[in-house]
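Note sheet for the following structure.
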Amino acid sequence: MKILILEDAAAAAERAAEIIAAQVTAKPGSVLGLATGGTMEAVYERLIALHRAGSASFAGASSFNLDEYVGLAGDHPCSYRRYMAEKLFDQIDIAPGAAHLPMGEAADPEAEAARYEAAIVAAGDIDLQLLGLGLNGHIGFNEPTSSLTSITRLKTLERSTREANSRYFPDGDEPPRLAITMGIGTIMRAREVLLVATGAAKARAVAQVIEGPVSARWPGSVLQMHRHATLVLDRAAASELELIDYYLDVHPE
Ligand code: F6R
């Protein structure tokens, strides 16, 4: 794992955006794996700025998002499709139809999960998968005890995940209990993964993922088994790492 510790969340977002921009520049037909959530908002802001500056084009790229809530139509204000449209897709040059998310409103969500997995395989799998990290160590919506070889399927969200995400739901509405999520095996097939975690609240999960045992208890720890995983952290998220001096020594920038 390549562990990059940046001074603050803004610097971490900038670095992550630069890595994504470098990917689509080196391979314009890249298949990107994308994430939602608070951490990604800053990353997408920086990516849009790079696009506007002429440093990143997505015209030849395609994308697959990690997850979507079951029961929310794509035009629902709290759906991840809407999040992605507002925070990224409508502000860059990705082709209409090239940006994929699971369909949360599908009549048969299990069949939709299978269709989505097959679409990722048919696209040749993902070149660069962007990941956030849950407080409980989840990647995508692969909650603790998810099979480390799972593929796209339905998952029941943990209470801590639903509480953390309730800020996106107005008027005390709760996030749905179920989501369609890429599996850990799906994520691990990506040729490169880029995890971004910022803020002190993530410090425990970050320490478990990087320095704990590989375990379904902390799903992100599976990235220890990936050949090309980059973890971009800020100082606060890195604060519980035992070997922090080593990581800073290897990548002082
Ligand atoms: C969302 C997703 C989740 C988030 C994670 C962190 O598509 O895949 O794994 O990345 O829950 O969310 P934030 O950044 O809001 O703390």
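Every number here is computed from the coordinates shown, using simple stated rules; none is lab data. Owing to the predicted nature of the structure, the values given are computational and were not obtained by experimental measurement. Quick reminder, even Gly has a Cβ in these numbers, built from the backbone with ideal geometry, and neighbours come from all protein chains shown.
Results, tabulated for the structure shown:
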read-out	value
For LEU6, residues with placed amide H under 5 Å, excluding near neighbours	LEU233, ASP234, ARG235
Amide N proximity, region 53-95 versus ASP171 label position 7 Å along Cα-to-Cβ, cut-off under 18 Å	72-73, 75-79
Karplus-derived 3J(HN,Hα), 6.51/-1.76/1.60, for each residue of region 109-120, Hz, glycine and proline x	x, 5, 5, 5, 4, 5, 4, 5, 4, 5, 5, 5
Estimated distance in nm for a label pair at ALA123 and SER57, the labels positioned 7 Å out from Cα along Cα-to-Cβ	2.0 nm
Tensor-based shape of region 166-253 (alpha-carbon gyration tensor, a/c under 1.5 rounded, otherwise prolate or oblate)	oblate
Gain in span if fully extended, ALA200 to HIS76, counting 0.36 nm per residue against the direct Cα distance	41.5 nm
√(5λ) per eigenvalue of the Cα gyration tensor, region 124-217, largest first, Å	22, 17, 13
Value of Rg/Rh across region 164-215 [Cα atoms, Kirkwood radius]	1.05
Placed amide H near GLY71: partners under 5 Å, 5+ positions off or other chain	GLU105, ALA106
Rounded to 5, percent antiparallel among DSSP beta bridges of the chain	25 percent
Reachable aspartates and glutamates, given that their alpha-carbon falls under 18 Å from the alpha-carbon of LYS2 and they are not under 8 places away in the same chain	GLU14, GLU18, ASP127, GLU192, GLU211, ASP234, GLU240, GLU242, ASP245, ASP249, GLU253
Gyration tensor (Cα) of the chain, equivalent ellipsoid semi-axes in angstrom	25, 22, 18
Net dipole in debye of region 72-177 [+1 Lys, Arg Cβ; -1 Asp, Glu Cβ; about Cα centre; nearest 20]	240 debye
For region 56-67, Karplus couplings with θ = phi - 60° (6.51, -1.76, 1.60), whole Hz, Gly/Pro x	7, 10, 10, 4, x, 8, 10, 8, 10, 7, 5, 7
Residues whose placed amide H lies under 5 Å from that of HIS100, excluding near-sequence neighbours	SER63, PHE64, ASN65
Sparse-neighbourhood loop sites, GluC sites (Glu not before Pro) in region 187-248 - DSSP loop, at most 12 other Cβ within 10 angstrom	GLU242
Estimated translational D of region 30-98 in µm²/s (Stokes, Kirkwood radius over Cα pairs; 10 °C; 1.306 mPa s)	127 µm²/s
Karplus-derived HN-Hα couplings along region 170-179 (A = 6.51, B = -1.76, C = 1.60, θ = phi - 60°), whole Hz, x at Gly and Pro	x, 6, x, 4, 9, x, x, 7, 10, 9
GluC sites (Glu not before Pro) lying in DSSP loop within region 1-106, provided at most 16 other Cβ fall within 10 Å	GLU7
Qualifying trypsin sites (Lys or Arg not before Pro) for region 93-181 [loop in DSSP, other Cβ within 10 Å: at most 15]	ARG177
Kirkwood Rh, Cα atoms: Rg over Rh of region 1-123	0.98
Burial ordering of ASP127, ASP67, ASP173, ASP8, fewest other beta-carbon atoms within 10 Å first	ASP173, ASP8, ASP127, ASP67
Sum of -39500 (n - 2.57) over DSSP H runs of 4+, divided by residues of the chain (222 nm, nearest 500)	-9500 deg cm²/dmol
Stretchable slack from ARG217 to THR25, in nm (0.36 nm times residue separation minus alpha-carbon distance)	65.5 nm
Of all DSSP beta bridges in region 1-151, antiparallel share, percent nearest 5	10 percent
Sequence-separation-based contact order of region 1-85, relative, with Cα cut under 8 Å and 6+ spacing, percent	30 percent
